[in-house]
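**Q** Below is a structure I'd like to ask you about.
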Amino acid sequence: MSTDVCTKVMNTFFALDKNERLPLWATAHLLVCRKCRTQVRLCTLAEQVCADSLKQPLPQGHDLVQGILYRIEHSQELKDIQPITMRKWIFSGIAMIAAMLAFGLSTTADTDPRLLIAFYLLFGGIVTVYCALFIGSNLDFFVKKIETLKPSFSA
C-alpha cells in the first residue's frame with residue numbers, strides 16, 4: 001500500500017474522539033493493509049492499558065466531581081454547541097411518503113402495469129437510499145445508543 005494513504009489513515013484514526021467510528025474509506029484500507037491494522041490494534045490496546053491504570057473510584061458527592069460538573073455546566077463552549085436536529089430527515093421522509101401516496105391514489109385501473117412496476121421499483125429504491133443515508137450519516141449516534149442499551153452482567 002502507498003505510504004501516503006497509510007499516513008492519511010493513521011492521522012484520521014488519531015484525530016477521532018474516543019469510541020468514534022472510522023470513516024468507511026479508512027475501514028476499507030484497514031481491511032487490506034496489515035501494517036495499518038496492526039498499528040491501530042496496538043494503539044487501541046495501549047490506550048486501554050493506560051486508561052485502566054488511571055481509573056479510580058470516587059464517591060458521587062466528592063468535591064472534585066462536583067467542581068468538574070459545575071465547570072462543565074457553566075462553560076461557554078457548552079452554550080455555543082448547536083443541538084442535533086432530525087427536522088430535515090423528518091420533512092424529507094414525510095414528503096417522500098406523501099409523493100408515494102399521491103402517486104398511488106392518482107393511478108387508475110387502466111394504467112399500464114409495466115409503468116406501475118417501474119414506478120414502484122423507483123420508489124423502493126428511493127426508500128432504500130433514504131434509509132441508507134439516514135443510518136450512514138447518523139451512525140455514531142446509533143452505535144452510542146446501542147452501547148448504552150447493552151445489559152451489564154456483574155458477578
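**Q** Return yes or no: is Thr108 at pLDDT below 80, assigned to a loop (DSSP other than H, G, I, E, B) and under 27 Å from Phe142 (Cβ atoms)?
**A** So Thr108 does not fit the description; no.
**Q** Still on this structure, I have one more. Pairs please, first residue from region 131-143 and within 12 Å of Trp89 (Cβ to Cβ), second anywhere and in a helix (DSSP H, G or I) and open to solvent by 50 Å² or more (accessible area, probe 1.4 Å), Cβ atoms under 6 Å, 6+ apart in sequence or on different chains.
**A** Close Cβ pairs (under 6 Å, with a partner that is in a helix (DSSP H, G or I) and open to solvent by 50 Å² or more (accessible area, probe 1.4 Å)) amount to Phe134/Trp89.
**Q** Let me ask something else. Please pick out the residue among Leu31, Leu69, Leu78, Leu101 that is part of a helix (DSSP H, G or I), modelled with pLDDT under 75 and among the hydrophobic types (A, V, I, L, M, F, W, C).
**A** That would be Leu78, the only listed residue that is part of a helix (DSSP H, G or I), modelled with pLDDT under 75 and among the hydrophobic types (A, V, I, L, M, F, W, C).
**Q** Just one of Ile84, Ile135 is under 25 Å from Leu24 (Cα atoms), among the hydrophobic types (A, V, I, L, M, F, W, C), at pLDDT below 90 and outside any helix (DSSP H, G or I); which is it?
**A** Going through Ile84, Ile135 in turn, the sole match is Ile84.
**Q** Shifting gears a bit: Can you run down the residue pairs with Cβ atoms below 9 Å, 6 or more apart or on separate chains, where the first is in region 108-123 and more than 19 Å from Ala98 (Cβ to Cβ) and the partner is open to solvent by 70 Å² or more (accessible area, probe 1.4 Å)?
**A** Sorted first by the residue in region 108-123, then by its partner, the list stays empty.
The values are calculated or read from the model by the stated rules, or taken from the named source; none is laboratory data. For clarity, every value in this text was computed on a predicted model and none was experimentally measured. Using ideal geometry, Cβ is built from the backbone for each residue, glycine included, and neighbour counts are taken over all protein chains shown. Only protein heavy atoms, including side chains, enter the accessible area calculation; ligands, DNA and RNA are left aside. Shrake-Rupley method; radii C 1.70, N 1.55, O 1.52, S 1.80 Å.
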